[in-house]
1. Sort through Arg80, Arg34, Arg97 and tell me the only one that's surrounded by 14 or more Cβ atoms within 10 Å (Cβ to Cβ) and without any contact (Cβ under 8 Å) to a residue 12 or more places away in the chain.
2. In this structure, is Val107 surrounded by fewer than 19 Cβ atoms within 10 Å (Cβ to Cβ) and closer than 19 Å to Arg158 by Cα?
3. For Thr108, only one of the following conditions fails: (1) out of contact with any Ser or Thr (no Cβ under 6 Å at 6 or more places or on another chain); (2) modelled with pLDDT under 95. What is its number?
4. Report, ordered by the first and then the second residue, all pairs with beta carbons closer than 6 Å, sequence separation of six or more or different chains, a first member in segment 168-190 that is touching a residue at least 12 places away in the same chain (Cβ under 8 Å) and more than 20 Å from Leu46 (Cα to Cα), and a second member that is of a type outside the set (D, E, K, R) and in a strand (DSSP E or B).
5. Specify the residue that is surrounded by the fewest Cβ atoms within 10 Å (Cβ to Cβ); the eligible residues are those in segment 55-66 that are of a type in the set (A, V, I, L, M) and within 25 Å of Glu92 (Cα to Cα).
Amino acid sequence: MSPPAYLVVFAEPGAGVSDELFNDWYNNEHVPLRVDTPTFKSWVRLEALDGKTPRYGAAYDLTSFEDTRIPPYTTLAETRSEREKKIFAASELFDRRIYDLYDQSPVTPPSSLFDPKKAAPVMLFMGLEIKEGAEDELLKYSLEVQIPLLSKCPGWVRSRLFRLREAGYVGVAAAKQKKSPCKYLAVHEWADGDFASRPEFQAAFNAPQREQIMGQVVDTEQRAFKLTKQWTKE
């Protein structure tokens, strides 16, 4: 059976599209069509907390990666509106990725703050690219050491680990994007944005084994976003 999938889009309208138009399209056209598409299981929009670009994000739980290859998912691109086509062409960048839920995740269950019907207020995305042959060791460390330590931090909601299946760029700056996303993505959900200042968070990223493990990492990425809107089925 195919694992659940996760779609993440980091987006920057840039100078070519006003924020007002971009947000109106995203909130009133783009996401609502996906709420009615059975491949999608959750729908949230996000805004950067870290001052980096792209400034906007969206995240969706999907039934599976395989279901993105067939209708009704594929129909969304085939029938997109003229407005949507223009926004994709004129925006600075859409960084789109689809992941599989890593098959050993989660070792640590969500905290009592987790509500399956309510998205977490803050999401921390942490990407890792690992040397060939060292993946099992590092993933075991993430799942069995780091995430359990994070779970002791006040405000922690849950953590999930994903493996990249597909990625691509669209927009004015798409051709300039030479770097591929990291293969593994950890998504840590929080009740507030103060998690990084807490000693329990620092302890999770300074465990004794970490220095040796991080020697096997060839690239990292990190983004922090706050929830701005969530959709649910009627």
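1. Values: Arg34 fails: without any contact (Cβ under 8 Å) to a residue 12 or more places away in the chain; Arg97 fails: without any contact (Cβ under 8 Å) to a residue 12 or more places away in the chain.
From the options Arg80, Arg34, Arg97, the qualifying one is Arg80.
2. Values: surrounded by fewer than 19 Cβ atoms within 10 Å (Cβ to Cβ): yes; closer than 19 Å to Arg158 by Cα: yes.
Spelling it out, Val107 is indeed surrounded by fewer than 19 Cβ atoms within 10 Å (Cβ to Cβ) and closer than 19 Å to Arg158 by Cα.
3. Here Thr108 clears every test but (1).
4. If the second residue must be of a type outside the set (D, E, K, R) and in a strand (DSSP E or B), the pairs left are Ala173/Leu93; Gln177/Tyr169; Cys182/Gly127; Cys182/Leu128; Lys183/Leu164; Tyr184/Leu128.
5. Step one: list which residues in segment 55-66 are of a type in the set (A, V, I, L, M), which gives 58-59, 62.
Remaining after also requiring within 25 Å of Glu92 (Cα to Cα): 58-59.
On the way: Ala58: 22, Ala59: 20.
The extreme case among them is Ala59.
Rundown of residues vs (1) over 22 Å from Pro181 (Cα atoms); (2) surrounded by fewer than 17 Cβ atoms within 10 Å (Cβ to Cβ), yes/no style:
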| residue | (1), (2) |
| --- | --- |
| Leu46 | no, no |
| Thr53 | no, yes |
| Tyr73 | yes, no |
| Glu84 | yes, no |
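The values are calculated or read from the model by the stated rules, or taken from the named source; none is laboratory data. Just so we're clear, the structure is a prediction, and the values are computed from it rather than from any experiment. Here the Cβ is made from the backbone with ideal geometry for all residues, glycine too, and neighbour counts use every protein chain on show.
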